[in-house]
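Values in this text are rule-based calculations from the coordinates and carry no lab data. What you are looking at is a predicted structure, and each value in this text was computed from that prediction instead of being measured. Cβ coordinates were reconstructed from backbone atoms using ideal geometry, including for glycine residues, and neighbour counts include every protein chain displayed.
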Amino acid sequence: MLRIIQENLTRQLRALELLSTLLKEEFAHLRDRQPHEVSALEISVQELMRQLALERRSLRRAINAWRPGMLRVREVMMTLSQDEAQGLNELLHSLDRAEQVCAVQADMNRQLVMGLYDQSMQLLKRLQQAIEPGRADVYSRRGRYAKTRQAQASVFNGRL
């Protein structure tokens, strides 16, 4: 059972290394403003995240089947010998480091995406303001040419 846990943790570590590579590639495409490549990579990233979640669930099921009542690797490590616990501990530290690398890269990607979004929105607003007609020379809702100047003071005629 220990071998199954180690294999699962190793698969998770390799998946996180692949995720880090995909996130770096996504960042490069974002910098080069290639949205189609980013979209294609995003699908791969989402699928990899789904597989990672499945691996973690299967690991918890395996641990619970081996040691009922336990769900985490750290709980199992308390029941193992020093050498076995050492190997699992090294794998867990490697997983933590890989997760941190992925988190930092994902945050960099998020910041770049938000910056590009803000830039695009400001450009869009500026373009909309440029093509928006001014008050002069426009038609009213009824299709008549709007008067742009207010008439001077006039005399009211009417019946009371």
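From the list Glu26, Glu17, pick out the single residue that is in a helix (DSSP H, G or I), over 30 Å from Ala65 (Cα atoms) and among the charged types (D, E, K, R). Spell out how you get there, then give the answer.
Working: Glu17 fails: over 30 Å from Ala65 (Cα atoms).
Checking each option against the conditions leaves just Glu26.
Could you count how many residues in region 29-51 are without any contact (Cβ under 8 Å) to a residue 12 or more places away in the chain and either under 10 Å from Asn109 (Cβ atoms) or not in a helix (DSSP H, G or I) (or both)? Before the answer, list the steps.
Within region 29-51, the first condition is being without any contact (Cβ under 8 Å) to a residue 12 or more places away in the chain, and the residues that meet it are 32, 34-37, 39-40, 43, 46-47, 50.
Those still in the list that are either under 10 Å from Asn109 (Cβ atoms) or not in a helix (DSSP H, G or I) (or both) too: 32, 34.
Within region 29-51, residues that are without any contact (Cβ under 8 Å) to a residue 12 or more places away in the chain and either under 10 Å from Asn109 (Cβ atoms) or not in a helix (DSSP H, G or I) (or both) number 2.
Between residues in region 61-90 that are within 14 Å of Arg3 (Cα to Cα) and residues that are of a type outside the set (A, V, I, L, M) and assigned to a loop (DSSP other than H, G, I, E, B), which pairs lie under 9 Å by C-beta distance while being six or more apart or on different chains?
Hits for this filter: Ile63/Arg72; Val76/Arg67; Ala85/Thr79.
Here's the yes/no breakdown for (1) surrounded by 10 or more Cβ atoms within 10 Å (Cβ to Cβ); (2) polar (S, T, N, Q); (3) assigned to a helix (DSSP H, G or I); (4) more than 23 Å from the chain's Cα centre (by Cα):
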residue: Leu88; (1), (2), (3), (4): yes, no, yes, yes
residue: His93; (1), (2), (3), (4): yes, no, yes, yes
residue: Ala98; (1), (2), (3), (4): yes, no, yes, no
residue: Val101; (1), (2), (3), (4): yes, no, yes, no
residue: Leu112; (1), (2), (3), (4): yes, no, yes, no
residue: Asp118; (1), (2), (3), (4): yes, no, yes, no
residue: Gln129; (1), (2), (3), (4): no, yes, yes, yes
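Please enumerate the residues belonging to region 1-39 that are closer than 15 Å to His93 by Cα, within 18 Å of the chain's Cα centre (by Cα) and surrounded by fewer than 15 Cβ atoms within 10 Å (Cβ to Cβ).
Listed by number, the list holds a single entry, Glu17.
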